[in-house]
Amino acid sequence: MKVTDYFKNNQGETFVSFEILPPVKGGTMGQIFDILDPLMEFKPPFIDVTYHREDYIYNVKESGYYEKVAIRKRPGTVGICASIMHRYGVDAVPHLICGGFTVDETENALIDLNFLNINNVLALRGDARHLEDKFIPEPGGHKFAYDLVKQIQGMNEGKYVDSAIDDGAKTDFCIGIAGYPEKHFEAPNLESDIYWLKKKVEAGADYIVTQMFFDNDKFFAFVDACRAAGIDVPIVPGLKPLTKRYQLTTIPRKFFINFPEALVKAMYKAKGPEAILQVGTEWCIQQSKELKARGVPSLHYYTMGDVETTRKIVEAVY
Ligand code: FAD
């Protein structure tokens, strides 16, 4: 079923959904099941699986020279999605990015998903590689998520980029996209970011999942701004609990978001790892309760492999 059909049928109730990461290369599906088995009692209608493009590292050779090597640390997104659907009978949403794909490769990936009956995708641009200071599209690939959404929507209308196909089967993908309550870090301002967000919706996106945030007022203001701009698709809040004090500096650096002062103060006041975890968990519970009371379509938790904390939060909210 499509993610948006779940939202249409949920009669104002708020679902729980989860995002998981593929295991580091060399890992097993068992690691994924260890995360998901304890979460399935909360009946998530869909589970997102992130996509990790190849990146470059430098190895020092015996000669002293450096060797540039391409590695993919967490492959397996599509296989994991198929396996989740098979084991739990829920929908899985693979993340699909522009980075590292030509449009032909994207088309072939979408054909694979379609044949596997995976009809939901989260369409994203992806970030710069670690050694690059800005996102560089693959030659012959997409520059923005907007172009990826257009391609997926094109296939939904039977249009393939392979010019040899003039009567291609129509796919039926439900397309999710990313939104940023505190704006995407490259956008000059929130208005501009919402302008491009709307373009993605006009190109065929069906719903939005947000970047994590720790101040619900930022989310509510973002939803209001989207509605004022004419964006009428469901907006799903993305949530992650703080579990360690050092995340107060690492998360803003990586995800370009701010922490409310009350949370920062409470994290510094807490004595020891247990107390810090307690503060972060409680904060996320309170955020979740308020968002649920306001009728958001789903509370979408970024599990980051921390099943125990995720369980604690969802148990307290439901
Ligand atoms: P876009 O929508 O393309 O926007 C990128 C920037 O360009 C924005 O500043 C926007 O305002 C601007 N812009 C957009 N369109 C245009 C245009 N046509 N012309 C000019 N400017 C434009 N990354 C991964 O690699 N794998 C994942 O699995 C993954 N999952 C994610 C899940 C969620 C819920 C979120 C919020 C992010 C995720 N990311 C993931 C990170 C994401 O790839 C990065 O945040 C990336 O920098 C932007 O992706 P986007 O799809 O929002 O890009």
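The numbers here are math on the coordinates, done by the rules we state, and not lab data. Nothing here was measured: the structure is a model prediction, and the numbers come from that model. As a convention, Cβ positions derive from the backbone with ideal geometry for all residues, glycine included, and neighbour counts pool all protein chains shown.
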Quiz item: Which links in K218/K289; K143/K198; K143/K199; K25/K240 stretch past 20 Å when you go from one Cα to the other?
Solution: K25/K240
Quiz item: Taking the alpha carbon gyration tensor of the stretch 181-318, what are the square roots of 5 times its eigenvalues, largest first, to the nearest whole Å?
Solution: 28, 17, 12
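Would you work out the charge dipole size for the stretch 21-88 about its Cα centre, treating the Cβ of every Lys and Arg as +1 and the Cβ of every Asp and Glu as -1, and quote it to the nearest 20 debye?
Approximately 160 debye in magnitude.
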Quiz prompt | Tensor-based shape of the chain (alpha-carbon gyration tensor, a/c under 1.5 rounded, otherwise prolate or oblate) | solution = rounded
Quiz item: Which residue fluctuates the most in the chain, going by a Gaussian network model with Cα springs under 10 Å, if the choices are K265, K61, K25?
Solution: K61
Quiz prompt | For peptides 287-297, 271-281, 162-172, sequence by mean Cβ density within 10 Å, most packed first | solution = 287-297, 271-281, 162-172
Self-check item: Which of M85, L263, I20, positive extreme of dipole for the chain (C-beta unit charges)
Solution: L263
Practice problem: Work out Dmax and Rg for the stretch 132-247 from the C-alpha atoms and quote the Rg first, both in angstrom. | Solution: 16.7, 56
Exercise. In Å and from the alpha-carbon atoms only, list the Rg and Dmax of the stretch 34-140.
Key: 17.0, 55
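Give me the percent of DSSP beta bridges within the chain that run antiparallel, rounded to the nearest 5.
Values: 6 of 34 bridges.
Rounded to the nearest five, the antiparallel share is 20 percent.
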Practice problem: Using the Cα centre as the reference, give the magnitude of the dipole from point charges on the C-beta atoms of the chain (Lys, Arg: +1; Asp, Glu: -1; all else neutral), rounded to the nearest 20 debye. | Solution: 960 debye
Quiz item: How many angstrom lie between the C-alpha centres of the stretch 11-87 and the stretch 230-244?
Solution: 20 Å
